[in-house]
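Here the structure comes first, spelled out in structure tokens, and everything after it is commentary.
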Amino acid sequence: MLDDVVVRRSHLDFYRATSATAPFHVVVLAPGPAVARQRNRTREKALSTDWPPLDEAMRSEFGQQGTWIDNAAQTIDETVEAILSVTGLPSGSETDQPLRRSPGGARVGAAGLAAGPPPVRSRR
């Protein structure tokens with residue numbers, strides 16, 4: 001599992017290339033910029049990221065790749081279930097392994113799942 005904010009296609013391609021020996025699923029958690037901003041305000045670690053430009057960049061760079069989950073109204077457990085459902089990966093008790101840091105600072109585990117930042121809302 002890889003947990004990182006991936007904004008550029010080249011960054012995603014790097015992870016895809018370096019994970020070639022494991023299943024690779026791109027899952028973008030996309031609650032929308034307003035929800036992301038509010039969630040950041042409640043975190044212990046202060047984050048000052050301006051989400052609208054990141055959201056726009058991600059959609060432009062790789063918006064058609066992977067699965068985008070609008071998790072704005074989901075609990076953590078619901079989000080995990082959605083990820084497991086779309087990837088077919090086993091649940092936590094079957095794969096519990098500690099996360100480690102990649103050279104780039106991302107948290108990495110053994111499941112082969114790449115989970116990244118902001119959402120996909122349908123534009124109508």
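The values are calculated or read from the model by the stated rules, or taken from the named source; none is laboratory data. The model shown is predicted, which means the values in this text are computed figures rather than measured ones. Neighbour counts are summed over all protein chains in view; Cβ atoms, including those assigned to glycine, are modelled from backbone coordinates with ideal geometry. What goes into the accessible areas is simple: the full protein's heavy atoms, side chains included, and nothing from ligands, DNA or RNA. Shrake-Rupley method; radii C 1.70, N 1.55, O 1.52, S 1.80 Å.
Quick notes
- For residue 68, distant residues with modelled amide H under 5 Å away: 28
- Check: region 25-65 dipole with +1 on Lys, Arg Cβ and -1 on Asp, Glu Cβ, in debye: 240
- Sorted largest first by accessible area at a 1.4 angstrom probe radius, with every protein chain in place, the residues 87, 67, 75 fall in the order 75, 67, 87.
- Sequence of 6, 35 when ordered by accessible area, the most exposed leading, probe 1.4 angstrom: 35, 6
- Segment residue 45..residue 61, full-extension length gain: 3.0 nm, with 0.36 nm per residue of separation and the alpha-carbon distance subtracted.
- Using the Cβ of residue 48 as centre and a radius below 15 Å, the other residues enclosed give a net charge of +3, where K and R count +1 and D and E count -1.
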